[in-house]
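The values are calculated or read from the model by the stated rules, or taken from the named source; none is laboratory data. What you see is a predicted model; the values in this text were computed from it and never measured. Using ideal geometry, Cβ is built from the backbone for each residue, glycine included, and neighbour counts are taken over all protein chains shown.
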Amino acid sequence: MENRMFRTALLGVGVVLLTLAGCGESAAAATDEQRERALAAGFDVDQVYVLELDAYHLAAGGNGVYGDSGYQAVYASAQGDDLRLTVERAGLDDDTCPALPVPGAEGVGVTVECTRDDDGWRRVADDREEYALVRDGLLVRVSGIGAVAGSGLIRQAALDARPATEEELDDLLPPLREVVERGDISGDSAPDNGVGAGG
């Protein structure tokens, strides 16, 4: 009886630990200020993902808002090609996949070929390839020039993409704009042309 209770207790602890680990992977550890900075830039802080690749590094000024409210980051290599990471609050299915453009291949008449691959999608448009998957309600995509980066690297980069840490968020997010308050300037820097009582 005691052994059975002990095994049950261990099982309960294991379930709790697995649940906590899953929560840690699905949300970035962000401060209130970082959440505010992200919203001011046009996206939610949990959409800020990062790639860790030996041959690709975040391009200067290469991250920011994507579309209406998504996040993007461009990683460049010494060869001059790039990998583009985009994170949006969206899904993907058989109907929407062909209609969603691949970043860098949005020309007129460019078609997108979609192929299911385990839990994700392999997507090809012109010379660019992309791997897309839905994770915790976010559509995470990584695209690049297939002949240069290679399908395997693009797929693995998407699978390994992760939320930014608190320290990384500090480096990635733009600072909040300071509001200037002056006698003849309102909060949005517009001149105050009001005339006093004396005209």
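Quickly run through the range 107-129 and pick out the residues that are in contact (Cβ under 8 Å) with a residue 12 or more places away in the chain and part of a loop (DSSP other than H, G, I, E, B). Gly107, Val110, Thr111, Val112, Asp119, Asp126, Asp127 - these are the residues of the range 107-129 that are in contact (Cβ under 8 Å) with a residue 12 or more places away in the chain and part of a loop (DSSP other than H, G, I, E, B). Number of residues in the range 65-107 that are of a type in the set (Ser, Thr, Tyr) and farther than 19 Å from Asp136 by Cβ equals 2. Within the range 123-135, the set of residues being in contact with a strand residue (DSSP E or B) (Cβ under 9 Å, 6 or more places away or on another chain) and surrounded by fewer than 18 Cβ atoms within 10 Å (Cβ to Cβ) comprises Asp127, Val134. Of all residues assigned to the range 67-74, none qualifies as being surrounded by 13 or more Cβ atoms within 10 Å (Cβ to Cβ), modelled with pLDDT under 95 and touching a helix residue (DSSP H, G or I) at 6+ places or on another chain (Cβ under 8 Å).
To keep it simple, each residue is scored yes or no on (1) in contact with an Asp or Glu (Cβ under 9 Å, 6 or more places away or on another chain); (2) farther than 29 Å from Leu153 by Cβ; (3) surrounded by fewer than 13 Cβ atoms within 10 Å (Cβ to Cβ); (4) at pLDDT 50 or above.
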site	(1), (2), (3), (4)
Gly14	no, yes, yes, no
Ala27	yes, no, yes, no
Asp32	no, yes, yes, yes
Gly64	no, no, no, yes
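Mind listing just one residue for me: the one in the range 74-125 that is among the small types (Gly, Ala, Ser) and under 20 Å from Ala161 (Cα atoms) and, of those, farthest from the chain's Cα centre (by Cα)? Within the range 74-125, the match that is farthest from the chain's Cα centre (by Cα) is Ser77. Inspect all residues belonging to the range 83-92 and state whether any of them is modelled with pLDDT under 95 and in a loop (DSSP other than H, G, I, E, B). Checked the range 83-92: no residue is modelled with pLDDT under 95 and in a loop (DSSP other than H, G, I, E, B). Of all residues in the range 136-147, those that are surrounded by fewer than 19 Cβ atoms within 10 Å (Cβ to Cβ) and either within 17 Å of the chain's Cα centre (by Cα) or at positive phi (or both) total 2. Before we move on, is Leu153 under 12 Å from the mean Cα position of the chain (by Cα) and either surrounded by fewer than 22 Cβ atoms within 10 Å (Cβ to Cβ) or not acidic (Asp, Glu) (or both)? Spelling it out, it is not the case that Leu153 is under 12 Å from the mean Cα position of the chain (by Cα) and either surrounded by fewer than 22 Cβ atoms within 10 Å (Cβ to Cβ) or not acidic (Asp, Glu) (or both).
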